[in-house]
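What follows is a set of notes on a single structure, which appears directly below.
The values are calculated or read from the model by the stated rules, or taken from the named source; none is laboratory data. Everything numeric in this text was worked out from a predicted model, so none of it was measured. Neighbour counts are summed over all protein chains in view; Cβ atoms, including those assigned to glycine, are modelled from backbone coordinates with ideal geometry. Ligands, DNA and RNA are excluded from the accessible area calculation, which covers all protein heavy atoms including side chains. Shrake-Rupley method; radii C 1.70, N 1.55, O 1.52, S 1.80 Å.
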Amino acid sequence: AWNASESLLEALNAMKSSPLAALAPSVPSALAQIPFLWFLLLGNVLTQLLCISSVYRLTAVSSTLTCTMTVTVRKFISIIFSVAYFGNPFSAMHWMGTMLVFP
């Protein structure tokens, strides 16, 4: 059976033992002693904060339909980026789902 606490501890140990961020180009000296995977996690958390804050701001100033369509289009663009940049497949099922969302 899957044990979440052991998996999290293994992930934390792997993150602690990753190379220092100083090995990456253009890292400020204050961040140079942070293991690189922690540095990536920090970047992910900050971009997620920016994203959800923007969605809350959009919700406050526009209609529900506008907010829903904006978030849906953003997710579709993320999928297209994933297909183009990472070479992930875009199957007939993806196109069918796209046609259901954007008739």
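Going by what's in this entry, would Phe81 be described as hydrophobic (A, V, I, L, M, F, W, C) and open to solvent by less than 80 Å² (accessible area, probe 1.4 Å)? The answer is no for Phe81.
Considering the conditions (1) surrounded by 13 or more Cβ atoms within 10 Å (Cβ to Cβ); (2) part of a helix (DSSP H, G or I); (3) at pLDDT 80 or above, Ala22 is excluded by exactly one of them, (3).
Report whether or not Thr47 is at pLDDT 75 or above, in a helix (DSSP H, G or I) and exposed (fewer than 13 other Cβ atoms within 10 Å of the Cβ). Answer is yes for this residue. Scanning region 87-103 for residues that are over 18 Å from Thr68 (Cβ atoms) and part of a loop (DSSP other than H, G, I, E, B) returns Gly87, Asn88, Pro89, Phe90, Ser91. Within region 59-75, residues that are under 19 Å from Thr98 (Cβ atoms) and open to solvent by less than 70 Å² (accessible area, probe 1.4 Å) have Cβ atoms under 9 Å from residues that are of a type in the set (Ser, Thr, Tyr) and assigned to a helix (DSSP H, G or I) in no pair, counting only partners at least 6 apart in sequence or on another chain.
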